[in-house]
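The values are calculated or read from the model by the stated rules, or taken from the named source; none is laboratory data. Note that this is a predicted model, so its numbers are computed, not measured. Positions of Cβ are generated from backbone atoms using ideal geometry, with glycine treated the same way; all protein chains shown enter the neighbour counts.
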Amino acid sequence: MTMKNKAHLLILFFCLITLPIQAQNQNATFKQMKEAFSASDYTKLSALFSDSVDLTVRNTDGIYSKTQAKGVLKSFFEQLK
């Protein structure tokens, strides 16, 4: 086995090892999102956003900064009350 093949095998092995960890993190994030939505907690929900968010809420859609998306969600949850 050549050195290049060993490197590819090592990278593949690393990816396979970290895949379950990433899936667990993703499941935890989805759970946090569900809980925040259920509680109408836009602050906790927006804390899970990246710096840029593609968001669609009712008739409003676009790519927003984290802060802007938080404001859109705040308005949405306030309208539900």
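Among the residues of the range 35-44, those that are part of a helix (DSSP H, G or I) and within 10 Å of K74 (Cα to Cα) comprise Y42, T43. Do the conditions hold for V57, that is, is it of a type outside the set (D, E), surrounded by 12 or more Cβ atoms within 10 Å (Cβ to Cβ) and modelled with pLDDT under 85? Criteria met by V57.
Between S46, S52, S65, S40, the distinction of being modelled with pLDDT of 80 or more and out of contact with any Lys or Arg (no Cβ under 9 Å at 6 or more places or on another chain) belongs to S65 only.
So which residues in the range 47-59 are more than 10 Å from the chain's Cα centre (by Cα), over 14 Å from L80 (Cβ atoms) and not in a loop (DSSP other than H, G, I, E, B)? Hits for the range 47-59 are S52, D54, L55, T56.
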